[in-house]
1. Normalised by the number of residues in the range 4-60, what is the relative contact order in percent for Cα pairs under 8 Å and 6+ residues apart?
2. Treat each spin label as a single point 7 Å out from the Cα along the C-beta direction, and report the residue 52 to residue 23 distance in nm.
3. Who wins for biggest fluctuation among 97, 33, 122 in a Gaussian network model of the chain, springs between alpha carbons below 10 Å?
4. Kindly identify the range 1-104 as rounded, prolate or oblate by the Cα gyration tensor criterion: order the square roots of the eigenvalues as a ≥ b ≥ c, call it rounded if a/c is under 1.5, otherwise compare a/b with b/c, prolate if a/b is larger, else oblate.
5. When only Cα pairs under 8 Å and 6 or more residues apart are kept, what is the percent relative contact order across the range 32-116?
6. Given contacts defined as C-alpha pairs under 8 Å and at least six residues apart, what's the relative contact order of the chain, whole-number percent?
7. In whole angstrom, how far apart do the alpha carbon centroids of the range 24-84 and the range 95-144 sit?
Ligand SMILES: [Zn+2]
């Protein structure tokens, strides 16, 4: 079994989020998120697990969709999100936010933690990268969450 680790300064996104109920992270704030990927598998006829550039291009496209946006958890039980006349209205713990629709990205996650974002990115990238074994999301240097596709690991 061969493994690739793919990291690149271009693999990331600068986005806003908040985490309902969390002492510090409940207030709207942002991160320069960085992601890294790991692929595992046998070598192809060119003796590669996969072309690095191809992996980076696919991951970069996904990152761009999140970049410079407010990331919202569409599957949260405590954050209520609805669209009103082109605005996204967000209610959380007594606060009400209103953002232009085009400034937001609603992800099918329960909270905008690095863990849940990693799981989302893994699910999206796995469709295009069958050898994907791990997605890691760092909110800041030294604070990284990984998802491997298996709830047991
Ligand atoms: Zn945060």
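Taken together, the values in this text are just the output of simple stated rules run on the coordinates, not laboratory data. Computed from a predicted structure; not experimentally measured. All Cβ positions, even for glycine, are placed from backbone atoms using ideal geometry, and neighbour counts span all protein chains on display.
1. Details: 68 pairs, mean separation 22.9, N = 57.
Reported as a whole number, the value is 40 percent.
2. The two pseudo-label positions are separated by 4.1 nm.
3. Greatest mean-square fluctuation among the candidates belongs to 97.
4. Details: a/c = 3.03, a/b = 2.51, b/c = 1.21.
Taking the square roots of the gyration eigenvalues as a ≥ b ≥ c, the range 1-104 is prolate.
5. Details: 91 pairs, mean separation 21.2, N = 85.
Over the range 32-116, the number comes to 25 percent.
6. Numbers: 296 pairs, mean separation 37.7, N = 153.
After rounding, I find 25 percent.
7. Here the two parts' Cα centres lie 5 Å apart.
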